[in-house]
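Data first, discussion second: the structure below is written as structure tokens.
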Amino acid sequence: MIEENSTINELEKLEIELLLEALYRHYGVDFRNYAFPVIRRRIWHRIRLERLKTVSGLQDHVLHDPEVFKRLTSDFSINVTEMFRDPSFFRTFRSKVIPLLKAYPSIRIWHAGCSTGEEVYSMAIVLHEEGLLERSRIYATDMNEDVIEQAKLESFNAEHMQRYEINYRLAGGTRAMSDYLMIKHNQVKFHPFLAARITFAQHNLAVDESFNEFHVIICRNVLIYFNAELQHRVHTLFYQSLSPSGFLGLGHKESITFTRFTDCYKEIEHNEKLYRKVK
């Protein structure tokens, strides 16, 4: 029985590798270096929803039905976000990075893996309150076209408002969140002056290259879904995209430690994984 299970596991791994290779070769999307346990769970989730039995069966449907492909790649996109998510990160950014940015005549910020944009709008609010929004441009990207289109709607469900208000206060907010919002039909819409400084676009960290030089790059809770090879690619991309003395913000479970860029950054705040490029 142990040998049989081992054979099944090896066969399943081969099927998954073939599926990911097929996605790359047929559609040009690359999930081959995503963390295997994460990608495996998402694949089986889609297999069950499509009422199939095997990974190979899913591959057949994906290659011949673009709608199944779209549903599967949407499953691979991990979209977890909220306004001022992890408020201490925004509070630390406000106290330790903003004072240094005030010396810049213009500021370019890249939010990579922005999901539906709540954290991007949070950054715009911080920049506005610190008098920097008018000289800033925020580029917000995600591999998932659907969440980018949702972010462009500049709104969120009103049922989240109470939690977001708490996050805003904990993040060091100096006004009322209602100053930035309009409520209509159970949807909360951001005031246009915030969106005017944000550019949303599709970008895949696994295959796409740098598209500008940035003073700040924020990519939080995305790298944890990548294997070591893809993490290295993304760290290289970020390093090449950061201007001299630029700032990098990662998620709580992410780090530059054990990468070849360890000595290229100075830690600003260990608990919040905020770094400044020094070489």
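Things worth noting here:
- Number of positions in segment 45-69 that are exposed (fewer than 15 other Cβ atoms within 10 Å of the Cβ) and under 26 Å from the mean Cα position of the chain (by Cα): 4
- Taken over segment 115-140, residues that are in a helix (DSSP H, G or I), open to solvent by less than 10 Å² (accessible area, probe 1.4 Å) and either over 12 Å from F90 (Cβ atoms) or touching a Cys at 6+ places or on another chain (Cβ under 9 Å) (or both) amount to 2.
- Enumeration of residues in segment 168-225 that are outside any loop (DSSP other than H, G, I, E, B), over 16 Å from S122 (Cα atoms) and of a type in the set (S, T, N, Q): Q187, Q202
- Flag for E119 being in contact (Cβ under 8 Å) with a residue 60 or more places away in the chain and acidic (D, E): yes
- Residue pairs meeting the criteria (Cβ under 7 Å; at least 6 apart or on separate chains; first without any contact (Cβ under 8 Å) to a residue 60 or more places away in the chain, in segment 79-92; second of a type outside the set (S, T, Y)): T81/E118; T81/E119
- The C-beta contact set for segment 41-52 (first residue part of a helix (DSSP H, G or I), second residue open to solvent by 40 Å² or more (accessible area, probe 1.4 Å) and of a type in the set (S, T, Y), distance under 8 angstrom, 6+ apart or interchain) comprises I47/T54.
- Of the residues A112, A103, the single one that is open to solvent by 20 Å² or more (accessible area, probe 1.4 Å), of a type outside the set (S, T, Y) and closer than 26 Å to H270 by Cβ is A103.
- Within segment 148-167, the residues that satisfy the criterion of being assigned to a helix (DSSP H, G or I) and open to solvent by 10 Å² or more (accessible area, probe 1.4 Å) are E149, Q150, A158, E159, H160, M161, Q162, R163, E165, I166, N167.
- For segment 226-237, the count of residues that are aliphatic (A, V, I, L, M), open to solvent by 10 Å² or more (accessible area, probe 1.4 Å), assigned to a loop (DSSP other than H, G, I, E, B) and within 17 Å of A35 (Cβ to Cβ) is zero.
The values are calculated or read from the model by the stated rules, or taken from the named source; none is laboratory data. Predicted model, so just to flag it, every value in this text is computed and none were measured. Heads up, the Cβs are rebuilt from the backbone with ideal geometry, glycines too, and the neighbour counts pull from every protein chain shown. Ligands, DNA and RNA are excluded from the accessible area calculation, which covers all protein heavy atoms including side chains. Shrake-Rupley method; radii C 1.70, N 1.55, O 1.52, S 1.80 Å.
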